[in-house]
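What follows is a short report on a single structure.
The values are calculated or read from the model by the stated rules, or taken from the named source; none is laboratory data. Since the structure is predicted, the reported quantities are computational estimates derived from the model, not experimental observations. We place every Cβ from the backbone using ideal geometry, glycine too, and count neighbours over all the protein chains shown.
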Amino acid sequence: MPSFAEALPRYYRHLASERQRSPHTLAGYRRQLDAQAAFFQDRGQSRLEQVKEGEIRQWLAAETRRGQSPRSLAQGLSALRGLYQYLLHLGLLSDNPAARVKPPKQPKRLPKALDLDETGKLFAADSKDPLLLRDKAMLELLYGCGLRLSELVGVDCGQIRGGELMVTGKGGKDRIVPVGRAALAAVERWLKVRGQFAKGGERALFISNRGARVSVRTVQQRLGQYAQKAGLDSHLHPHKLRHSFATHLLSASGDLRAVQELLGHSQLATTQIYTHLDMDRLAKVYDAAHPRARRK
């Protein structure tokens, strides 16, 4: 049965020659596995078959106490699994205890939203160019209604009636969302020039300069360009406008259920991520303003 001292050099050669891992990747594997070997050897486990699930969990706990990030721990666990799997393939071991140890839960990446200054700057931009009028209308609907990109592209002429838009969301589920005055006005301006590009029978509200329904890729590119012209420093992608819609609405209203309905989320838990965003803002206000929170 192999010891760490015997197995690791062989495994590194395998990664370099047979798996053709890059020097950067090899350095990462070596750093992780050498540190793990030292940890287990210090506890009298110099041979791999001596390391069981309990010992691996002890390593995870010790590294957590040292302040290692969940991502780093997941990478280390993956490296250890790979070593065991390699030795299993060679017939030198009969078990891979690392395969039964779950990596630590990764923190959720909170979506970034536009702040109010950025929002004002974005919508202050104006033009009489027909395609820019289309882009402005797309922006207004994405932000004003909290639409997904696929929902925006799928909107047909005539779907906005009486200040409401019927949206077909994920799973073919329909929902009705209100359309604000700014979005309605932007759509009306676009409809006045849409005929310059429209081909007979095309039902899509937003069309390309060739007269066909605008593509997802085109919307992504055009909105990024629009944001640059408006002077935004950060990159603008369509989903950021949906995040901004939810964040700003929840911040002003506090009505999580209403935001859930408007976004078309089937589970309230999906919408609750926006409460974390708002709590971040409230925590900063608290730290700055509350007399018992101020630090010297």
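Residue pairs, Cβ under 9 Å, 6 or more apart or interchain, first in segment 148-167 and at pLDDT below 90 and β-branched (Val, Ile, Thr), second surrounded by fewer than 18 Cβ atoms within 10 Å (Cβ to Cβ) and in a strand (DSSP E or B). List them.
Once the first residue is at pLDDT below 90 and β-branched (Val, Ile, Thr) and sits in segment 148-167, its partners that are surrounded by fewer than 18 Cβ atoms within 10 Å (Cβ to Cβ) and in a strand (DSSP E or B) give VAL167/ASP174; VAL167/ARG175; VAL167/ILE176.
Please work out which one of (1) under 16 Å from LEU132 (Cα atoms); (2) touching a residue at least 40 places away in the same chain (Cβ under 8 Å); (3) surrounded by 14 or more Cβ atoms within 10 Å (Cβ to Cβ) is the condition THR218 fails and give its number.
Of everything listed in (1) under 16 Å from LEU132 (Cα atoms); (2) touching a residue at least 40 places away in the same chain (Cβ under 8 Å); (3) surrounded by 14 or more Cβ atoms within 10 Å (Cβ to Cβ), THR218 misses just condition (2).
Could you check how many residues of segment 40-70 are in a helix (DSSP H, G or I), of a type in the set (A, V, I, L, M, F, W, C) and buried (at least 17 other Cβ atoms within 10 Å of the Cβ)? Walk me through how you get there before you give the answer.
Of segment 40-70, the ones in a helix (DSSP H, G or I) are 40-42, 48-50, 53-65, 70.
Next cut, of a type in the set (A, V, I, L, M, F, W, C) only: 40, 48, 56, 59-62.
Filter once more, keeping what is buried (at least 17 other Cβ atoms within 10 Å of the Cβ): 40, 48, 56, 59-60.
Adding up the residues that qualify gives 5.
Tell me which residues, restricted to segment 10-36, are under 18 Å from LEU88 (Cβ atoms) and either assigned to a helix (DSSP H, G or I) or in contact with a helix residue (DSSP H, G or I) (Cβ under 8 Å, 6 or more places away or on another chain) (or both).
ARG10, TYR11, TYR12, ARG13, HIS14, LEU15, TYR29, LEU33, GLN36
Any idea which of (1) within 17 Å of LEU263 (Cβ to Cβ); (2) of a type in the set (A, V, I, L, M); (3) exposed (fewer than 14 other Cβ atoms within 10 Å of the Cβ) is the one VAL177 doesn't satisfy?
Every listed condition holds for VAL177 apart from (3).
May I ask you to list the residues in segment 141-158 that are farther than 12 Å from VAL177 by Cβ and either β-branched (Val, Ile, Thr) or in a loop (DSSP other than H, G, I, E, B) (or both)?
Matches in segment 141-158: VAL153, GLY154, CYS157, GLY158.
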